[in-house]
Amino acid sequence: MTKKVTDLLHLFDEQKFQQDLITWFKKEQRTLPWRESKDPYRVWVSEIMLQQTRVDTVIPYYERFMSLFPTVYALAEAEEADVLKAWEGLGYYSRARNLQSAVREVAESYNGIVPNEPKEISELKGVGPYTAGAILSIAYDIPEPAVDGNVMRVLSRIIGIWEDIAKPSARKTFEEITRRIISNEDPSSFNQGMMELGAIVCTPRSPSCLLCPVQEHCRAFAEGSQEELPIKSKKKAPRPVPIAVVALEDNSGKFLVRQRPETGLLASLWEFPNVELSEGSKEDQLKNHIWEEYQIDVEIEKELATFNHIFSHLKWQLTVYKGTYDGEISPKNFKMVEKKNLRNFAFPVAHQKITQMVLEGEE
Ligand code: SF4
């Protein structure tokens, strides 16, 4: 253990802390569908879904996903398009693709049993140190740290750590501390207790210190610095990307949708034709783009809406048009789809909104 961690944990009563945290967690934990069993596959799916996504949002997705793909083999053998469809709306679609390819590896190389060795599990696609620690501790009772942003916030306050949690190097400190204070008898309840504490008591703003089960251990509370911790430097604001999109209908009432490339942002999902804008007329740039891609002349009927969609690193500023065209279209990676069938395609959230506009506009 580094001197820094030894110093930070000087006079910290680990045993009593574990006891208070675990007793509270066992009594007060929320009923959540992924807590119904310790099946490592179920734990894994929940942890992947919960990355960057709120619990309330995840619950219905998780239940549907588990009914569609209840086992490692069910997910391994599923079509990727069906998996993406079940994930539609959750965002960060590479999570779903990585999950399926890792689950395929478990099916092929580990007889369908999620490995319980830190090295093996960490080599699976999309399984970072947090997810590996969560699966190993929750499903297999192995005392491995599961440190995410929530746990770093809680630990910053309890132990009094004034280190910038936005820096990648900080994670090492928090993992080392967790290795030292985690319960070896019940690492599952310990890690889940930390997560639960961060979710419902030690929240980012206005933590409920007066109701906190570990208040007597908390240095930030003792010093009154709970609102100042954790230290977190600001991320850069997402880069704005202006985009014009068209819901493009042919003379038989079908809409053109196309599939995004197999790699990169929102890989393999479907979308309405669109173009990233530079200076000048939006409509002209959109028409030129469609001409270059499909050699058809588009008639813009009207503007349907403008709205933003924010990713972690960029902000789409969308202007949505309704358009029509006559004539034959050159073969490319697209489909002409009847309005009533648009919902069968896996669209990213922004394009689901456009689908909704198309359906409502035609009703
Ligand atoms: Fe968080 Fe307050 Fe509890 Fe400390 S006492 S762990 S700051 S809720």
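Quick look at the values:
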{"quantity": "Matching entry among 127, 103 (being part of a loop (DSSP other than H, G, I, E, B), in the same structural domain as residue 198 (by TED's automatic domain parsing) and at pLDDT 95 or above)", "calculated": "127"}
{"quantity": "Per-region count, the range 130-169, residues part of a helix (DSSP H, G or I) and closer than 17 Å to residue 219 by Cβ", "calculated": "10"}
{"quantity": "In the range 218-235, the residues that are more than 9 Å from the ligand (Cβ to nearest atom) and not in a helix (DSSP H, G or I)", "calculated": "224, 228, 230, 231, 232, 233, 234, 235"}
{"quantity": "Any hit, the range 303-322, residues being part of a strand (DSSP E or B), crowded, with 17+ Cβ neighbours inside 10 Å and among the basic types (Lys, Arg)", "calculated": "yes"}
{"quantity": "Filtered residue count, the range 187-207, keeping only those that are among the hydroxyl-bearing types (Ser, Thr, Tyr) and more than 11 Å from the ligand (Cβ to nearest atom)", "calculated": "2"}
{"quantity": "Only listed residue being farther than 27 Å from residue 310 by Cα and of a type in the set (Gly, Ala, Ser), chosen from 166, 102, 96", "calculated": "102"}
{"quantity": "Set 119, 172: member being more than 20 Å from the chain's Cα centre (by Cα), charged (D, E, K, R), surrounded by fewer than 17 Cβ atoms within 10 Å (Cβ to Cβ) and modelled with pLDDT under 95", "calculated": "172"}
{"quantity": "Filter result for the condition that a residue is loosely packed, with under 14 Cβ neighbours inside 10 Å and among the acidic types (Asp, Glu), over 249, 223", "calculated": "223"}
{"quantity": "Of residues in the range 42-54 being under 15 Å from residue 199 (Cα atoms) and in contact (Cβ under 8 Å) with a residue 40 or more places away in the chain, the one surrounded by the most Cβ atoms within 10 Å (Cβ to Cβ)", "calculated": "47"}
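Condition check ((1) over 30 Å from residue 20 (Cβ atoms); (2) of a type in the set (D, E, K, R)) across all residues:
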residue	(1), (2)
93	yes, no
115	yes, no
137	no, no
144	no, yes
166	no, no
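Quick grid of which residues meet (1) polar (S, T, N, Q); (2) touching a residue at least 12 places away in the same chain (Cβ under 8 Å):
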{"residue": "2", "(1), (2)": "yes, yes"}
{"residue": "10", "(1), (2)": "no, no"}
{"residue": "21", "(1), (2)": "no, yes"}
{"residue": "25", "(1), (2)": "no, yes"}
{"residue": "30", "(1), (2)": "no, yes"}
{"residue": "36", "(1), (2)": "no, no"}
{"residue": "40", "(1), (2)": "no, yes"}
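The values are calculated or read from the model by the stated rules, or taken from the named source; none is laboratory data. These figures come from a predicted structure and were not determined experimentally. All Cβ positions, glycine included, derive from the backbone under ideal geometry; neighbour counts span all protein chains shown.
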